[in-house]
1. Give me, ordered by chain and number, the residues 5 or more places off Tyr168 or on other chains with an amide H under 5 Å from its own placed amide H.
2. Give the separation of the Cα centroids, the stretch 32-77 to the stretch 100-117, in Å.
3. Run the 1.4 Å probe and let me know the accessible area of Arg2, rounded to the nearest 10 Å².
4. Does the stretch 59-119 classify as rounded, prolate or oblate by the C-alpha gyration tensor (a ≥ b ≥ c root eigenvalues; a/c under 1.5 gives rounded; else a/b over b/c gives prolate, otherwise oblate)?
5. Just to confirm, what accessible area per residue do you get for the chain at 1.4 Å probe, in whole Å²?
6. Given the pairs Lys127/Lys152; Lys97/Lys154; Lys9/Lys127; Lys97/Lys141; Lys65/Lys154; Lys72/Lys133, which are separated by over 23 angstrom at their Cα positions?
7. Evaluate 2.2 N^0.38 Å with N set to the residue count of the chain, then give the Cα radius of gyration divided by it.
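The values are calculated or read from the model by the stated rules, or taken from the named source; none is laboratory data. As the structure is a computational prediction, the values presented were derived from the model and not from experiment. Surface accessibility is based on the protein's heavy atoms, side chains included, excluding ligands, DNA and RNA. Shrake-Rupley method; radii C 1.70, N 1.55, O 1.52, S 1.80 Å.
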Amino acid sequence: MRVITGKYKGRRLSSSTVSFIRPTSNIVKEAIFNIFPDIWSSANVLDLYAGTGSLGIEALSRGAKQVVFVDKSQAAIQIIRRNLSNLGIETQAIFYKRDVLRGLNFLSQTFQIIFMDPPYEKNYVEKTLRLIKFNPQLLSKEGLIIIEHSPKEKFSFMDFSLVTLKQYGQTNITFL
């Protein structure tokens, strides 16, 4: 696993030996960032179900101002901290060891981009979208929600508009 492009291009990231942490493949990550290449500069980014932090770190490499990482696993938080420390960018990140499904009302910032990469096929996507909908200050008016999920998982877009949907093998990326 590596940083695809930007300031930290080519730098290797630590991954996890813990089976429940599923990092985004480099192919999927590159596709996500190439669809909207110009939105990252100075963005505030929220990385929900952050895992190894590779999506948020890629955003920082491409010029994001700050990333807030949220994951309920202490192992995930440790990996993210190690990756950020190895790149020397810990000060651009905030960490929350929290279960996303317990609510997002602890967040007071507004984000231009929200990543969601929840465990597959557990109906977490729809539950998390509902939490974002009921915390409208989280997403800026022109903000983007990027969801990595199983092609088998169906969910309502709530009041969010579908921008595009891409499939890469056993991974769908939905942009709202």
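1. Amide H neighbours of Tyr168: Ile173.
2. Taking the Cα centre of the stretch 100-117 as reference, the centre of the stretch 32-77 is 12 Å away.
3. Answer for Arg2: close to 80 Å² accessible.
4. Oblate shape, in that a/c is at least 1.5 and b/c is the bigger or equal ratio.
5. 48 Å²
6. Lys97/Lys154; Lys9/Lys127; Lys97/Lys141; Lys65/Lys154
7. The value comes to 0.93.
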